[in-house]
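FYI, it's all coordinate maths here, none of it is from the lab. None of these values were measured; they are calculated from a predicted model. Methodologically, a virtual Cβ is constructed for each residue, glycine included, from the backbone with ideal geometry; neighbour enumeration extends over all protein chains shown.
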Amino acid sequence: MRAIRPKTRASHREHVVTIDSDSAPRIMFSGERFLLEDLPIGTRVIYPRRPMTQVANPRAAIRYALSHPDGMEPLHALLSPGMKVTIAVDDISMPLPIMRTPDVRQLVLEAVCEMLADHGVDDVHIIIALGLHRRMHDWEIKRMVGPKVWADYWPDRLYNHDACDPDGMVVMGKTPHGELVELNRRAADSDLCIYVNLNFVPMNGGHKSMAVGLCGYESLKSHHTPKGIVASDSFMDPPNSFLTHSFVRQGRLVEKHVKVFHIETVLNNRIYDGPLSFLMKNEDNFTETDRLKFSAMKWALDKMPFAARRELLMRTPAGYELIGCWAGACEPVHEKVIAKSSEQYCVEVEGQADILICGIPFVSPYNVNSKALNPLLVQVMALGYFYHMYRGKSLLRDGGVLIITHPCSDRFDPVHHPSYIEFFNRILTETTDSYTLEKKYQDEFAYNPSYVEMYRRGNAYHGAHPFYMWYWGQRGREKVSRVIVVGADNVTVPSIMGWETAGSMAEAVAMARGTMGRSAQITMLHQPPIVMADVK
């Protein structure tokens, strides 16, 4: 295996590197494997910022936020014996991969539950705010909330939200834009709701928490549309996101009827620590020990069977740390959270790219602890998340070429993603047009009794979820001229999604230059950890 060459002369700023003749190959994910690629001279590589320093005492920071909120009275002042309180908490779709214990949600829940008990509040339920995501497995909930909360609340007062429960949902009304708002009945009937958010990317938190986390299918139809996705420039830039504006309208309507105390937390991007901390470095700065570690790790992963490789990566927790916690009214709290999140993730970049290279990792928000990153979710990561990792102006110019690395294997988890299998193999082979899919097929899947039952009683994503995953890439599909996959183990899966394949990175770049010209500007977005381009 080719070694990573040491850097002989500097040609980079801290977070934006320009490849020259002495530059080391770059590491990128391709599913459950690592690739090592020499990129063309002149390629710009955008690296994440260094992890921000965690708060000195996370438990103390959380308690301080509860007692010094923004725009509301302290939490203890809102409590009285006999009141009905519902705590809603984000599910494990974030952070990625799972964080080491104690999960920050555990720390917040323990502080909140202790305060409720101290004030004589006994009627307390904790609801996992899934929206239309799959029900979390029992062991996943226990790991997330910690042993104390689990012992005190499971299973009668700690449970998954059920968006399809006809008796468990209530219509709150419609926004001035005609968007229907449904809400979990327990939350709607409470004297106080407390929302515990883990903010991993700027599109999360804020009014999205209540409006999406505890909603029903008909509510989600208001904004999870191809038109709404295309109008979002980008998901990660709230002022320019149609989705965010719709969340805000729905959330404000919810809070006309329900008193909500928001608790939002921000993590740094320390995805790798301990023996893997070298992966946080620019490859040009690797020591000889780092190069040996990487070579050994890559060799071992390449030798493992797929299932073992995936299990190892899924079970290796990330070293994320708390860098901020705010509580109180939704909008002033979320404003501070977005500012902190942007401080960690945004890297200033001069100008757009003609060709963008992204390595697609093994995990997404929708396949945590699943058997594979299925093809639809590869598409979500490529044209949904990575394409949208910008603020201001898109990193990849309109008409540009996106190159990704992933096997694109025809693998689906039948427990977590049963409706995905039919969607990909039946529906996408009939049409890939999102607007047709929305009108012709979406409700069929959403109200399919089998899919409803698997969502409600099993651990399956809602029947309509694969439609939303396809729509998630709609803006990218309309703006990008070509998507080229390097490392695909078949041509059928990419072709169904309208993608091309290349046998190597060099071939993919040559294909892209055939569209964009020999002088095309090439950029690699070096993820993970998360990095967002602040394009000037």
Relative contact order [Cα under 8 Å, 6+ residues apart], region 172-287, whole percent: 35 percent
Distance in nm between pseudo-label sites at residue 122 and residue 289 (7 Å out along the Cβ direction from Cα): 5.8 nm
Trypsin sites (Lys or Arg not before Pro) within region 278-346, DSSP loop, no more than 10 other Cβ atoms inside 10 Å: 315
Karplus-derived 3J(HN,Hα), 6.51/-1.76/1.60, for each residue of region 439-444, Hz, glycine and proline x: 7, 8, 10, 4, 5, 4
In sequence order, calculated HN-Hα J values of region 235-240 (Karplus, 6.51, -1.76, 1.60; Hz; x Gly/Pro): 4, 8, 10, x, x, 10
Neighbour-limited loop hits for GluC sites (Glu not before Pro), region 341-418 (at most 16 other Cβ within 10 Å; DSSP other than H, G, I, E, B): 350
Region 398-413 - phi-based ³J(HN,Hα) in whole Hz, Karplus 6.51/-1.76/1.60, Gly and Pro as x: 4, x, x, 10, 9, 10, 10, 10, 5, x, 6, 5, 7, 10, 9, 8
Positive minus negative residues near residue 116 (Lys, Arg vs Asp, Glu; Cβ under 14 Å): -3
Computed lengthening from residue 536 to residue 101, 0.36 nm per intervening residue step minus Cα-Cα distance: 152.7 nm
For residue 158, residues with placed amide H under 5 Å, excluding near neighbours: 126
Region 382-438: GluC sites (Glu not before Pro) falling in loop per DSSP and having at most 13 other Cβ within 10 Å: 430
Answer label, with Cα extents along the principal axes in Å calculated from the coordinates and candidates [x] 70, 53, 44; [y] 73, 59, 41; [z] 77, 49, 48: [x]
Residues with amide H under 5 Å from that of residue 241, placed H, sequence gap 5 or more: 233
For the chain, share of DSSP beta bridges that run antiparallel, in % to the nearest 5: 30 percent
Label point distance in nm, residue 492-residue 231, each placed 7 Å from Cα along Cα→Cβ: 3.9 nm
Potential extension, residue 137-residue 273 segment - 0.36 nm per residue separation minus Cα distance: 46.3 nm
Residues whose placed amide H lies under 5 Å from that of residue 16, excluding near-sequence neighbours: 47
Computed label-point distance, nm, for sites residue 432 and residue 18 using a 7 Å Cα→Cβ extension: 3.6 nm
Considering only region 58-267, percent of DSSP beta bridges that pair antiparallel, nearest 5: 20 percent
